[in-house]
Amino acid sequence: MAAGRWQWNDAWIFVSAVIAERLERDRAMHAALPVTGASLADLLAAADFLNHSIPDRAELEDSMRKLVGAGLLEVDDDFVEVAPAGEQLWRTRPFSGLSSAVLTLQTQLNRFGEPTDPTDPAGPGGPDWSLDEETYAAAVREYSLRLADGR
C-alpha cells in the first residue's frame, strides 16, 4: 500500500478494539458494572486472538493515533471505545466472517478516506495520544497473567 493509506495493522487494531470493547461491554452488563470501554490488555488479547501475535508498542501507538484522529476510536485513561463513526463503519462493512474481517476492514478504511499523518501536529490524530513504554509493558504483563490464569 502507498504511504498515507490505511495499512493492515490499522485494520487489525480497529477490529481488535471492536472485539475487545464488545466483550468488555457484555462482561460489565452481566456483572451489573458500569461500562468503561476496553483496556489496553483487552485490546492486546483480541489482537492475539485475531493474528496470534500482539502489536508492538510503536505499531499500536501509530494505528491508534490514526484511528483516533479519524474519529473511529476514542481513548480515555487508556480505555478504548469505538466511536459512533467506528460503529457505523463496522456495521456497514460487508459481512465476511471473522477470519477475513481485518482485510475487509482495511478495504472499508481506505473507502472511508485518507488517514491523517499521526506525526503531524496539525492533524487531529497528531501527538495527542501516546503510549509510553511503561503503560504498554503493564498491558502486556496484565495480558500475560490472564493467559497464565487461563482467562
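The values are calculated or read from the model by the stated rules, or taken from the named source; none is laboratory data. Quick caveat: nothing in here was measured; it's all calculated off a predicted structure. Cβ: placed from backbone, ideal geometry, glycine included. Neighbour counts: every protein chain shown. Surface accessibility is based on the protein's heavy atoms, side chains included, excluding ligands, DNA and RNA. Shrake-Rupley method; radii C 1.70, N 1.55, O 1.52, S 1.80 Å.
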Open item on the list: Looking only at region 9-54, how many residues end up being of a type in the set (A, V, I, L, M), surrounded by 14 or more Cβ atoms within 10 Å (Cβ to Cβ), outside any helix (DSSP H, G or I) and out of contact with any helix residue (DSSP H, G or I) (no Cβ under 6 Å at 6 or more places or on another chain)?
Closed with: 0
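When you scan region 97-116, do you find a residue that is within 17 Å of Arg57 (Cα to Cα), assigned to a loop (DSSP other than H, G, I, E, B) and at pLDDT below 95, even just one? Show your work before the answer.
Just the residues of region 97-116 that are within 17 Å of Arg57 (Cα to Cα), to begin with: none.
Scanning region 97-116, I find no residue that is within 17 Å of Arg57 (Cα to Cα), assigned to a loop (DSSP other than H, G, I, E, B) and at pLDDT below 95, so the answer is no.
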- [ ] Any chance you could count how many residues in region 99-111 are open to solvent by 50 Å² or more (accessible area, probe 1.4 Å), within 18 Å of Ala47 (Cα to Cα) and free of Cβ contacts under 8 Å to residues at least 60 places away in the same chain?
- [x] 1
TODO: May I ask you to verify whether Leu60 is part of a helix (DSSP H, G or I), open to solvent by less than 30 Å² (accessible area, probe 1.4 Å) and either touching a Gly at 6+ places or on another chain (Cβ under 9 Å) or within 23 Å of Gln88 (Cα to Cα) (or both)?
DONE: yes
TODO: For Val75, state whether it is touching a residue at least 60 places away in the same chain (Cβ under 8 Å), open to solvent by less than 60 Å² (accessible area, probe 1.4 Å) and outside any loop (DSSP other than H, G, I, E, B).
DONE: no
